[in-house]
2 protein chains.
Amino acid sequence: MGRKLIRNAVILTMNATDDVLHGDVLIEGNRIAKVGANLDAQADITIEAEGKVLLPGFVQTHIHLCQTLFRGRADDMALIDWLRKRIWPLEAAHSEDSVYYSAMLGIGELIRSGTTTILDMETVNHTESAFLAIRESGIRAVAGKVMMDHGTEVPPALQEDTEQSLQKSVDLLEKWHGAAGGRIQYAFCPRFVVSCTEELLVGVRDLSESYGVKVHTHASENETEIAIVEAERGMRNIVYLDHIGLARPNLILAHCIWLDEEERKIIRERGVKMTHCPGSNMKLASGIAQVALLHGEGIAVGIGADGAPCNNNLDMFQEMRLTAFLQKVQHGPTVMDARKVLRMATMGGAEVLGMQRDIGSVEEGKLADLQLLDLEDFHVYPSFDADWFSRVVYAATRGDVDTVLIDGEIVMEGRIVRTMDKKVVLKEADHALRRLLERI
Amino acid sequence: MGRKLIRNAVILTMNATDDVLHGDVLIEGNRIAKVGANLDAQADITIEAEGKVLLPGFVQTHIHLCQTLFRGRADDMALIDWLRKRIWPLEAAHSEDSVYYSAMLGIGELIRSGTTTILDMETVNHTESAFLAIRESGIRAVAGKVMMDHGTEVPPALQEDTEQSLQKSVDLLEKWHGAAGGRIQYAFCPRFVVSCTEELLVGVRDLSESYGVKVHTHASENETEIAIVEAERGMRNIVYLDHIGLARPNLILAHCIWLDEEERKIIRERGVKMTHCPGSNMKLASGIAQVALLHGEGIAVGIGADGAPCNNNLDMFQEMRLTAFLQKVQHGPTVMDARKVLRMATMGGAEVLGMQRDIGSVEEGKLADLQLLDLEDFHVYPSFDADWFSRVVYAATRGDVDTVLIDGEIVMEGRIVRTMDKKVVLKEADHALRRLLERI
């Protein structure tokens with residue numbers, strides 16, 4: 001991979017002091033070797049970035065690549081119906097082919113809009129195909145198959161035996177955790193308490209500890225979900241997760257909208273991580289997470305777009321705006337500023353994944369996961385005396401991302417994703433969806 | 001201008017039955033002559049639109065072009081501080097030059113993102129420069145100078161004498177109403193009750209009636225604003241507007257967040273129009289308008305991005321998503337679907353402006369204000385068996401607009417705005433802002 005030099009960029013470092021520099025970044029292999037003004041370095045590839053803005057690639061800590069194919073097929077529904085009537089039957093009809101192109105389509109969109117790392121939850125079957133897409137596309141991912149051994153109205157193809165679910169997860173973990181030079185990691189993904197027996201969740205707790213990997217699940221997204229958990233398990237959702245010993249620092253909870261004080265305390269004291277999904281939460285009418293409050297209490301918060309059918313984009317620029325705007329309209333204009341949101345979208349996500357030493361900022365020694373924005377356009381001007389954080393968070397859009405590097409590799413350049421053939425992916429995604437719908 | 005033929009598009013007509021056709025549109029002069037499949041027509045210019053989506057240009061019914069230059073200079077503040085501490089001092093420092101480039105920058109962004117008609121409120125001075133920019137850029141606009149003859153903490157340059165404010169408005173009206181072949185119209189723009197004496201508002205009422213033009217103002221955006229009106233005028237905001245006879249069908253109110261039942265009744269029964277500004281309302285922490293309820297009561301509702309410093313974009317795609325999402329998270333997932341939102345963004349805006357016979361849909365006899373979207377991209381796929389309304393409202397973005405026609409003229413093609421030199425506008429906008437800041 002050799003040495004790459006990015007020259008003359010405005011650099012939003014997102015380091016501990018949020019420094020903004022004008023200078024160069026030298027990449028050796030897959031890591032940032034040096035950040036500074038006028039670096040006197042030889043490089044194999046030089047990227048002239050005069051007038052462009054360099055920032056860390058976005059880290060999205062809740063994504064379902066396997067659902068990208070279902071964009072627009074489940075609008076205007078609330079969570080439980082959305083799952084039972086649309087998403088589960090669609091997921092049940094997935095094949096290797098459709099999982100692969102669903103993932104490629106989603107990753108194409110993610111890279112195009114500046115996301116370089118995802119925490120991804122797949123479906124019950126064919127997760128191998130998603131890992132192949134992740135490997136080929138070059139994105140950094142912590143991913144796993146979803147686990148479901150319980151619940152009503154689950155299509156047969158998604159119904160798992162407890163042991164089988166654990167074993168399939170372990171098989172995938174042993175094959176893929178650490179693959180592609182460490183760019184790929186495995187996480188256990190029990191869907192949510194509603195879909196899981198206690199035996200499964202306890203198994204996940206023990207296996208995740210012994211393998212040293214993350215657990216990625218949904219929690220307290222929707223009031224009906226909470227009611228089902230209370231009726232079945234006799235306690236509130238997060239209290240139950242703590243009761244069975246899952247509430248640990250390796251647990252990452254998506255949504256966390258309906259928390260009471262005791263549950264916030266559990267999350268805080270156990271070092272549990274959370275992901276805020278404002279677009280999904282609004283579109284599914286789930287509610288508004290108290291993310292300013294949770295973040296203010298020191299809880300690690302990342303941002304994720306969730307799946308395409310509940311958003312309907314996988315675009316961190318949109319999620320950043322929503323994160324700020326939703327908190328402002330609820331709690332006042334100063335509660336969440338651009339800088340705080342950009343931290344959540346970068347270092348916040350890195351902390352959620354326990355990867356804060358490797359990604360999330362432009363600093364020497366970190367992995368070269370970077371994006372270059374071209375802000376020479378009407379909607380992000382004026383540039384004179386501009387606040388860079390405001391410009392990036394409140395005004396920039398997905399179309400402004402020009403170049404993306406992941407793990408030191410240039411995966412997008414001049415707004416063209418290099419690691420896949422867009423025309424082929426679009427065409428095959430349509431074909432795969434057509435065949436999938438025929439199977440239902 | 002001759003005849004133009006757009007061939008083989010998917011056409012979201014937004015006619016009374018929301019028909020979606022696959023076919024051609026023939027334009028003669030500035031009007032749509034024919035819509036249908038395989039039109040056998042000769043044309044001077046043929047636009048091949050195979051694979052593209054044709055829809056009416058967006059109509060944004062609340063914009064401040066004069067504030068585009070202040071994007072990012074007033075973040076994280078609530079309305080009254082935002083106005084008194086930032087926006088008014090900035091507006092007071094405007095020159096002819098800065099108003100012109102502020103307008104060009106805003107119009108460039110608007111055309112680029114598919115907006116073809118705006119209702120625009122300028123500042124107190126130099127409104128002539130905004131009209132010049134509107135004329136040159138080719139956008140359709142109903143615009144007027146703002147009127148302010150009352151209130152505290154108003155910079156001297158924005159303080160007007162009542163008679164002078166009315167006379168300056170009439171002078172501009174007589175010069176610009178109906179200009180550019182009717183593409184430009186004038187509207188009286190008293191800022192809001194807080195900034196206007198009763199004498200001014202009564203003058204606006206009488207002059208707007210005798211000239212047959214619209215009145216464009218802000219109303220009930222913010223709780224502090226409401227409290228000031230109640231303290232000064234002894235009644236609630238909309239009740240006061242009705243009391244002085246301004247609540248008529250030619251009145252367009254931006255925001256309308258804090259309405260009680262009596263005020264909703266006044267708006268409904270008097271045929272007053274309203275504009276929903278979800279991005280601005282969230283960012284300024286103003287509140288959430290009950291737009292599903294108001295629209296359901298038969299009130300004409302348009303959508304507007306407001307000004308760049310309170311949004312910070314002028315992008316109807318973002319405002320459409322917010323319109324749907326905000327209502328869903330408050331009132332459930334079915335309260336506002338993609339089709340309803342797209343109607344608000346097109347025909348809704350046309351009705352607010354009283355221009356429903358001329359714009360807002362793709363129908364024979366209407367003015368040719370059109371946009372072509374290119375949806376061959378990751379974030380708007382799959383396309384197979386797709387719901388077009390969902391695809392456009394929930395997934396498409398500003399970057400997907402490929403071609404824009406206004407009044408029969410091609411003002412953008414291949415994503416390049418033809419009616420201005422982008423590089424010059426960006427550079428001069430920066431220069432104008434620098435000089436403006438030196439004047440403060």
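The values are calculated or read from the model by the stated rules, or taken from the named source; none is laboratory data. Bear in mind the structure is a predicted one, so any value in this text is a computation, not a measurement. We place every Cβ from the backbone using ideal geometry, glycine too, and count neighbours over all the protein chains shown. Remember, those area values only see protein heavy atoms, side chains included, never the ligands or the DNA or RNA. Shrake-Rupley method; radii C 1.70, N 1.55, O 1.52, S 1.80 Å.
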Worksheet item: Which of the residues spanning the range B:6-17 are in contact with a strand residue (DSSP E or B) (Cβ under 8 Å, 6 or more places away or on another chain) and under 17 Å from B:GLY57 (Cα atoms)?
Response: B:ILE6, B:ALA9, B:VAL10, B:ILE11, B:LEU12, B:THR13, B:MET14
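Yes or no, residue by residue, for (1) within 23 Å of B:LEU21 (Cβ to Cβ); (2) at pLDDT below 95; (3) not in a loop (DSSP other than H, G, I, E, B):
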site: B:PRO382; (1), (2), (3): yes, no, no
site: B:VAL393; (1), (2), (3): yes, no, yes
site: B:VAL425; (1), (2), (3): no, no, yes
site: B:ASP430; (1), (2), (3): no, no, yes
site: B:ARG434; (1), (2), (3): no, no, yes
site: B:GLU438; (1), (2), (3): no, no, yes
Worksheet item: For the range A:51-69, what are the residues that are modelled with pLDDT of 95 or more and over 30 Å from A:LYS214 (Cβ atoms)?
Response: A:LYS52, A:VAL53
Discussion item. Going through B:GLN327, B:GLN318 one at a time, which residue ends up being open to solvent by 10 Å² or more (accessible area, probe 1.4 Å) and in a helix (DSSP H, G or I)?
Written reply: B:GLN318
Worksheet item: Hey, any hits in the range B:276-283 for a residue that's surrounded by fewer than 24 Cβ atoms within 10 Å (Cβ to Cβ) and within 28 Å of B:VAL392 (Cβ to Cβ)?
Response: no
Fill in: Output for the range B:83-96, where each listed residue is under 24 Å from A:ALA396 (Cβ atoms) and crowded, with 21+ Cβ neighbours inside 10 Å
B:ILE87, B:LEU90
Item to complete: Please list, ordered by first then second residue, the pairs with beta carbon atoms under 9 Å, 6 or more apart or interchain, first in the range A:1-29 and closer than 20 Å to A:SER383 by Cα, second among the hydroxyl-bearing types (Ser, Thr, Tyr) and assigned to a strand (DSSP E or B).
Response: A:ARG7/A:THR46
Worksheet entry | Unmet requirement for A:ASP24, which otherwise passes all of (1) buried (at least 16 other Cβ atoms within 10 Å of the Cβ); (2) over 23 Å from A:ARG339 (Cα atoms) | (2)
Discussion item. For the range B:35-43, check the following and say yes or no: at least one residue is within 27 Å of the chain's Cα centre (by Cα) and open to solvent by less than 50 Å² (accessible area, probe 1.4 Å).
Written reply: yes
Item to complete: Could you check how many residues of the range A:330-347 are more than 14 Å from chain B (Cβ to nearest Cβ) and either open to solvent by 10 Å² or more (accessible area, probe 1.4 Å) or of a type in the set (A, V, I, L, M, F, W, C) (or both)?
Response: 4
Worksheet entry | Residue in the range A:248-268 that is surrounded by 15 or more Cβ atoms within 10 Å (Cβ to Cβ) and among the acidic types (Asp, Glu) present | yes
Item to complete: Restrict the check to the range B:382-391 and report whether at least one residue is at the interface with chain A (Cβ under 9 Å from one of its Cβ atoms), small (Gly, Ala, Ser) and surrounded by fewer than 22 Cβ atoms within 10 Å (Cβ to Cβ).
Response: yes
Discussion item. Looking only at residues that are touching a strand residue (DSSP E or B) at 6+ places or on another chain (Cβ under 9 Å) and not charged (D, E, K, R) in the range B:303-320, which one is nearest to the other protein chains (Cβ to nearest Cβ)?
Written reply: B:LEU314
Worksheet item: Can you tell me which of A:MET412, A:MET420 is in a loop (DSSP other than H, G, I, E, B), more than 8 Å from chain B (Cβ to nearest Cβ) and at negative phi?
Response: A:MET420
Worksheet item: Taking the condition within 20 Å of the chain's Cα centre (by Cα), farther than 14 Å from A:GLY114 by Cα, open to solvent by less than 10 Å² (accessible area, probe 1.4 Å) and within 14 Å of chain B (Cβ to nearest Cβ), does A:VAL352 pass?
Response: no
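Of these, A:THR116, A:THR123, A:THR68, A:THR61, which one is without any contact (Cβ under 8 Å) to a residue 60 or more places away in the chain and buried (at least 23 other Cβ atoms within 10 Å of the Cβ)?
Values: A:THR116 fails: without any contact (Cβ under 8 Å) to a residue 60 or more places away in the chain; A:THR68 fails: without any contact (Cβ under 8 Å) to a residue 60 or more places away in the chain; A:THR61 fails: without any contact (Cβ under 8 Å) to a residue 60 or more places away in the chain.
Unique residue meeting the criteria: A:THR123.
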Practice prompt. Working carefully through the options A:LEU55, A:LEU12, find the one that is surrounded by 24 or more Cβ atoms within 10 Å (Cβ to Cβ) and farther than 30 Å from A:ASP421 by Cβ.
Written response: A:LEU12
Item to complete: Consider B:VAL362 carefully, then state whether it is part of a helix (DSSP H, G or I) and not polar (S, T, N, Q).
Response: no
Worksheet entry | In the range B:263-302, the residues that are part of a loop (DSSP other than H, G, I, E, B) and within 14 Å of chain A (Cβ to nearest Cβ) | B:CYS277, B:LEU284, B:ALA285, B:SER286, B:GLY287, B:ILE288, B:ALA289, B:GLN290
Worksheet item: Taking the range B:366-381 only, how many residues are open to solvent by 10 Å² or more (accessible area, probe 1.4 Å) and at the interface with another protein chain (Cβ under 10 Å from one of its Cβ atoms)?
Response: 3
